[in-house]
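Written below as structure tokens is the structure these notes are about.
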Amino acid sequence: MCGIVGFLTDKPSEDNYVFLTRLLYLAADRGTDATGIAITTKDNINIVKEAIPSDKFIKKHFANLRGDISKSSVILGHTRAATQGHQRDNNNNHPVHSESYIMVHNGTCSSMDRIKGYPYKGEVDSEILLSYVEKNGIENGLP
């Protein structure tokens, strides 16, 4: 199954960079098919994901993301072990997002049906859970 990492801090700092790097290295054995992160700052939400293991993801992307990571108060990360939806289609990789929510998920949603008319981006079943939350809110959208 997948690896989920993240943190919330009231004092963003350069330590975020080191902490996130370590978290993704620790989660590496939970999923090597893809890695992704969502970085939130006061001005922006930056989602970066790619079908590579976390060690390669860190080497490829972290130098350019260092400033945003250091300024962020909330960061989500995911290392994916693909079950449904091929990782080469980045819409299947995590974090998945909608107009209002960003989500990472570990597991399957085999008992949930797709909502008719919802604008799904990928084939990954985690996006079904996101669609329920988007349409019904957090309390009513989680089965």
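The values are calculated or read from the model by the stated rules, or taken from the named source; none is laboratory data. Not measured: the values here are computed from a predicted model. Note that each Cβ is placed from the backbone with ideal geometry, even for glycine, and that neighbours are counted across all protein chains shown. Remember, those area values only see protein heavy atoms, side chains included, never the ligands or the DNA or RNA. Shrake-Rupley method; radii C 1.70, N 1.55, O 1.52, S 1.80 Å.
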In the range 29-46, anything surrounded by fewer than 19 Cβ atoms within 10 Å (Cβ to Cβ) and touching a Gly at 6+ places or on another chain (Cβ under 7 Å) is listed as 30
Note on residue 21: of the conditions (1) open to solvent by 20 Å² or more (accessible area, probe 1.4 Å); (2) free of Cβ contacts under 8 Å to residues at least 40 places away in the same chain, unmet is (2)
I'd like to check something: does the range 132-141 contain any residue that is in a loop (DSSP other than H, G, I, E, B), acidic (Asp, Glu), over 20 Å from residue 30 (Cα atoms) and open to solvent by 60 Å² or more (accessible area, probe 1.4 Å)? no
Residue pairs within 6 Å by beta carbon, gap of at least six or interchain, first lying in the range 36-51 and in contact (Cβ under 8 Å) with a residue 24 or more places away in the chain, second acidic (Asp, Glu), listed first then second, are 39/68; 41/68
Taking the range 60-92 and keeping residues touching a Lys or Arg at 6+ places or on another chain (Cβ under 7 Å) and touching a residue at least 60 places away in the same chain (Cβ under 8 Å) leaves 79, 81
Scanning the range 109-124 residue by residue, those open to solvent by less than 80 Å² (accessible area, probe 1.4 Å), in contact with a helix residue (DSSP H, G or I) (Cβ under 8 Å, 6 or more places away or on another chain) and of a type outside the set (A, V, I, L, M) turn out to be 109, 118, 120, 122
Scanning the range 78-108 for residues that are open to solvent by 30 Å² or more (accessible area, probe 1.4 Å) and hydroxyl-bearing (Ser, Thr, Tyr) gives 83, 100, 101, 108
